[in-house]
Amino acid sequence: MERVQTEPVAIPKPAARTSQVLLVTDRDKTVGTITVPDPVFKCRDVNVHYGDKHAIKNVSIEIARNQVLAMIGPSGCGKSTFLRCLNRMNDTIPSAVVTGSITLDDQDIHDKRQDVVQLRARVGMVFQKPNPFPKSIYENVAYGPRIHGLAGDRVELDEIVHTSLQRAGLWEEVKDRLNQPGTSLSGGQQQRLCIARTIAVNPEVILMDEPCSALDPIATARIEDLMEELRQSYAICIVTHSMQQAARVSQRTAYFHLGDLIEVGETDRIFTNPRHKLTEDYITGRFG
Ligand SMILES: Nc1ncnc2c1ncn2[C@@H]1O[C@H](COP(=O)(O)OP(=O)(O)OP(=O)(O)O)[C@@H](O)[C@H]1O
Ligand SMILES: [Mg+2]
């Protein structure tokens with residue numbers, strides 16, 4: 001947790017193309033490898049409509065364990081919509097219709113027997129704006145374990161709260177003020193509190209939708225360091241508008257454009273040698 005990096009990572013310019021390298025312009029098929037070994041999520045032909053608006057178009061992708069997947073693309077391309085598919089948060093939007101297959105550990109998340117509250121504990125979400133409950137710091141973290149029955153007694157609950165705050169890199173800053181409101185913390189601390197709250201219920205996957213866009217560079221660096229630690233235990237999917245951030249924190253990157261998943265691949269490869277013209281235009285700043 002020592003690194004405080006405020007310098008952007010220099011993103012190398014895509015290598016000059018040789019005549020053998022083909023710029024792919026076929027919009028029907030995602031470029032790159034959508035599969036991974038032992039995926040936590042498998043998504044096939046996922047479509048999302050909001051009324052007439054076709055927001056996600058036949059997206060197929062697998063999500064790896066112990067990796068950060070960055071989702072990038074211009075505003076309105078469907079990044080948040082796709083992220084919300086993974087823990088069925090689109091269920092809360094009346095006009096949203098999701099079709100296709102999404103499995104978590106090979107189980108269909110749309111199965112009638114799937115409890116949505118359990119699903120959202122297994123697939124936690126951190127939002128752009130930190131949103132602590134209007135409760136104490138302690139209660140923000142203890143709430144989930146309590147409703148999911150994860151602690152037998154107060155001692156165990158205290159232990160979960162302690163461990164979660166520690167793993168979120170917040171314990172030292174809050175250990176003497178656990179009874180103060182979560183909202184009394186700074187923005188960066190509130191975001192780490194929300195991460196502690198997510199961790200407290202033993203998730204498998206953490207979804208983050210622009211988690212640093214309301215934070216200063218130092219708070220951002222702390223969250224980025226935290227992501228590197230957390231991926232040892234969880235799969236992480238992050239939506240970001242910062243390509244420097246995607247390059248710093250992720251191992252794999254997915255580029256969306258107008259609801260299509262255009263390209264997916266190793267982050268280093270995507271930023272140095274994009275294979276689709278649309279990806280290249282975006283990462284070189286010619287679009288969006
Ligand atoms: N609740 C909704 N009702 C109707 N249309 C919606 C709704 N939410 C999103 N959309 C539309 O779906 C498309 C994808 O939106 P989404 O929010 O997923 O994009 P995004 O890539 O996350 O954009 P941004 O980078 O601006 O956050 C957009 O055209 C948007 O207007
Ligand atoms: Mg969004």
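The values are calculated or read from the model by the stated rules, or taken from the named source; none is laboratory data. Here the structure is a predicted model, which means the values were calculated and not measured. Heads up, the Cβs are rebuilt from the backbone with ideal geometry, glycines too, and the neighbour counts pull from every protein chain shown.
Miscellaneous remarks
- Residue check for Gln232: surrounded by fewer than 20 Cβ atoms within 10 Å (Cβ to Cβ) and either touching a residue at least 60 places away in the same chain (Cβ under 8 Å) or over 22 Å from Arg286 (Cα atoms) (or both): yes
- Scanning segment 205-229 for residues that are buried (at least 16 other Cβ atoms within 10 Å of the Cβ) and within 16 Å of ligand 2 (Cβ to nearest atom) returns Leu207, Met208, Asp209, Glu210, Pro211, Cys212, Ala214.
Results for (1) within 16 Å of ligand 1 (Cβ to nearest atom); (2) closer than 22 Å to Thr30 by Cα, shown as yes or no for each residue.
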site: Gly188; (1), (2): no, no
site: Ile195; (1), (2): no, no
site: Thr220; (1), (2): no, no
site: Asp225; (1), (2): no, no
site: Glu228; (1), (2): no, no
site: Ile236; (1), (2): no, yes
site: Val239; (1), (2): yes, yes
site: Thr253; (1), (2): yes, yes
site: Leu258; (1), (2): yes, yes
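- Every residue from segment 235-268 that is without any contact (Cβ under 8 Å) to a residue 24 or more places away in the chain and in a helix (DSSP H, G or I): Asp268
- Pairs with Cβ under 7 Å, 6+ apart, first in segment 69-87 and closer than 20 Å to Ile102 by Cα, second more than 6 Å from ligand 1 (Cβ to nearest atom) and among the basic types (Lys, Arg): Leu69/Arg252; Asn87/Arg120
- Meets criteria (surrounded by 16 or more Cβ atoms within 10 Å (Cβ to Cβ) and either among the aliphatic types (A, V, I, L, M) or touching a Gly at 6+ places or on another chain (Cβ under 7 Å) (or both)) for Gly78: yes
- In segment 71-79, the count of residues that are within 19 Å of Leu207 (Cβ to Cβ), within 15 Å of ligand 2 (Cβ to nearest atom), modelled with pLDDT of 95 or more and in a strand (DSSP E or B) is one or more.
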